[in-house]
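K.L.:
Have a look at the structure that comes next, please.
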Amino acid sequence: MLEIQKKLKSSFFVILSLPSTAMGFALSIQIAALSWILNTKYGFDIHEVGIVWAAGPIAGIIGQPLAGLASDKVWFLGGRRRPFILIGGVLTALMLLALPNIHVISDALGFEPTKAASELGEGQVPASIYVAIAVALILDLSINISFNPTRSIIADVTTDDTVTKGYTWMQTISGTFGVLAYFIGSVLGNIELIYVGVILVFVFSVIPVFFIEEPEELSQGEENNEEGGRKETDITGFVKVLLAHAPTWVGIQTMFVFMFAYVQQEYPDFSSKEVGSVINWSFLIFNAVAAVLPAFILEPITHKIGRVKTHAICIAIMAVGYAGMIFLGGTSEYMIYGMMVILGIGWAATVSLPFAIMSEKVAKAKMGFFMGIFNLSVVLPQLAVSAFIGGILAEAEDKTLMFYIASISLAISAVLWFFVKDNGPVGNSNSAPSGGGHH
């Protein structure tokens, strides 16, 4: 075991964060480029874009619980989570490479284009929606295969006192690279972003895991470990976390998938490249806030008022930000950027604190499985957005409706979080990671 892991130094938390950073970067590419490329390059309309996005949540429903359960039990290539991170990372890189080449894959496989060339605009190329769905499904399944273990491994090698630090550092590192992703998309373009992502995802998934030593044995039993780590799952508390977290993702996913339609409506004179630039700058700011807050602001606050209250307040602020977008977003693209600063506060909490809160409720020996179940509170809302909200927004004349949906969803989530029991303010211990295994 590396000395930095034994002493849980900050440099170790950086290395520990890189695999999840790879998946976060891939997710940033999905958010920035998937809807944009389907609409501007292949001519898919808003309803067809929603159908393609639905493939991902379906993959998550299947992939994360299975990958999590398996990663709790297997030991291969010197790790429990390592094999899944490696496989998922390689597949993710390959599917990112496929995104700008869906038309090439369609032609090679002999699939008929969804739209005739005569129906397409200037610069658009014929492609099959079935191939697009397959690529999106495999991409999201690959991310899911890897994302779950990248988060579970943090709980495996940290203590109760340092698990919040692990997840907040995860988001700070991941968020910083998320900002880089949107910067590349804004300055160079989404196609260039995709190709940079292929390399980064591959490197960050494959190399760091060989510098992290996992415990061969995870805690077993009926009582909490003296060294830290719950041994018996609090099912009631876990379900409350799921119910509180789910509405958050209804609102956030609605923005992720259909932001392009809102920008096109509010700024009809913008070219497709300008629309893509506004989206990229918006999510750059969104992720910049989320990169800075978790480790440097949110974690210290959790020490004073607890994780749950900190998270609930951030989600309530995000609800206010969505309401602000309704009234101010159409006045200027710079006002959109301003609202993104407020929304980033909720995003910073969403991608860091729920994992630490959830880990308090779950037995360490079953962390992978329950992390997969926890993901249902993300993918089921995502599926609902694609299946139902997409149809509603396609028919709606005013796409601002998406922010009404988002604001109400986040407000409901904030209220539900106050029903989740917190284990109290986070401790300051820097003890060694719990769990057995060779060192």
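K.L.:
From the convex hull of the Cα coordinates of the range 58-168, what is the mean projected area in square nanometres? It would help to have the intermediate numbers written out before the result.
P.N.:
Details: hull surface 37.8 nm².
Result: 9.4 nm².
K.L.:
With the cut-off at 1.5 for a/c, could you classify the range 306-416 from its C-alpha gyration tensor as rounded, prolate or oblate? Display every interim value, and only then the final one.
P.N.:
On the way: a/c = 2.86, a/b = 1.57, b/c = 1.82.
Because a/c hits 1.5 or more and a/b fails to exceed b/c, the range 306-416 counts as oblate.
K.L.:
Here are some pairs, K73/K165; K9/K240; K7/K366; K9/K366; K7/K364; K304/K364; which of them have Cα atoms lying more than 28 Å apart in this structure? Present the calculation step by step, with values, prior to reporting the outcome.
P.N.:
Details: K73/K165 26 Å; K9/K240 33 Å; K7/K366 25 Å; K9/K366 26 Å; K7/K364 20 Å; K304/K364 25 Å.
Result: K9/K240 exceed 28 Å.
K.L.:
Taking the simple approach of a point 7 Å from Cα along Cα-to-Cβ for both V415 and L328, what is their distance in nm?
P.N.:
2.5 nm
K.L.:
Tally Lys and Arg at +1 and Asp and Glu at -1 over the other residues with C-beta under 11 Å from the C-beta of T114: what net charge comes out? List each step's numbers first, then the result.
P.N.:
Numbers: positive: K115; negative: D45, E48, E112, E119.
Here the count lands on -3.
K.L.:
A further question follows. Over the range 79-211, what relative contact order in percent results from Cα pairs under 8 Å that are six or more residues apart?
P.N.:
Details: 124 pairs, mean separation 52.3, N = 133.
Result for the range 79-211 is 39 percent.
K.L.:
Let me ask something else about it. In the chain, carbon and sulfur make up what percent of the accessible area (probe 1.4 Å)? Don't skip to the answer; put the middle values down first.
P.N.:
Numbers: 10900 of 16420 Å².
Within the chain, the accessible surface is 66 percent carbon and sulfur.
K.L.:
Quick check: net charge around K41, other residues with Cβ under 15 Å of its Cβ, Lys/Arg +1 and Asp/Glu -1?
P.N.:
Numbers: positive: K115, K273; negative: D45, E48, D107, E119, E122, E192.
That sum, taken over residues with Cβ under 15 Å, equals -4.
K.L.:
Okay, moving on. Compute the accessible area per residue over the chain, keeping the other protein chains in place, probe 1.4 Å, unit Å².
P.N.:
Values: 16420 Å² over 439 residues.
Spelled out: the 1.4 Å probe surface of the chain, per residue, equals 37 Å².
K.L.:
May I pose another question? Residues with beta-carbon under 12 Å from that of I133, excluding I133: net charge, scoring Lys, Arg +1 and Asp, Glu -1? Provide the component values of the computation, followed by the final result.
P.N.:
On the way: positive: none; negative: E48, D140.
Net of charged neighbours comes to -2.
K.L.:
Next up: With an 8 Å cut-off on Cα pairs and a minimum separation of 6 or more residues, tell me the relative contact order of the chain in percent.
P.N.:
With pairs under 8 Å counted, the relative contact order is 29 percent.
K.L.:
Moving on to the next point. Of all alpha-carbon pairs in the range 42-111, indicate the percentage at a distance above 19 angstrom. Intermediate values should be presented prior to the final figure.
P.N.:
Values: 1287 of 2415 pairs.
Result for the distance tail: 53 percent.
K.L.:
Distance between Cα centroids, the range 344-369 to the range 1-44: provide it in whole Å.
P.N.:
So the two Cα centres are separated by 17 Å.
K.L.:
Show which lysines lie in cross-link reach of K399 when reach means a straight Cα distance below 27 angstrom and same-chain residues fewer than eight apart are skipped.
P.N.:
K41, K115, K273
K.L.:
Work out which helices of the chain, taken as complete DSSP H runs, extend at least 15 Å along their axis over the Cα atoms and score a mean Kyte-Doolittle of -0.5 or more, then list them. Spell out each step's value before the answer.
P.N.:
Values: long enough: 10-29 (27 Å, 1.59); 46-73 (42 Å, 0.82); 82-98 (24 Å, 1.94); 129-156 (40 Å, 1.31); 163-187 (36 Å, 0.71); 190-206 (24 Å, 2.25); 235-266 (45 Å, 0.94); 272-293 (32 Å, 1.20); 307-328 (31 Å, 1.46); 333-350 (25 Å, 1.22); 401-417 (24 Å, 2.04).
Helices meeting the span and hydropathy rule in the chain are 10-29, 46-73, 82-98, 129-156, 163-187, 190-206, 235-266, 272-293, 307-328, 333-350, 401-417.
The values are calculated or read from the model by the stated rules, or taken from the named source; none is laboratory data. From a predicted model like this one, the values you see are computed outputs, not experimental measurements. Cβ sites come from the backbone with ideal geometry, for glycine too, and all protein chains shown count toward neighbours. What goes into the accessible areas is simple: the full protein's heavy atoms, side chains included, and nothing from ligands, DNA or RNA. Shrake-Rupley method; radii C 1.70, N 1.55, O 1.52, S 1.80 Å.
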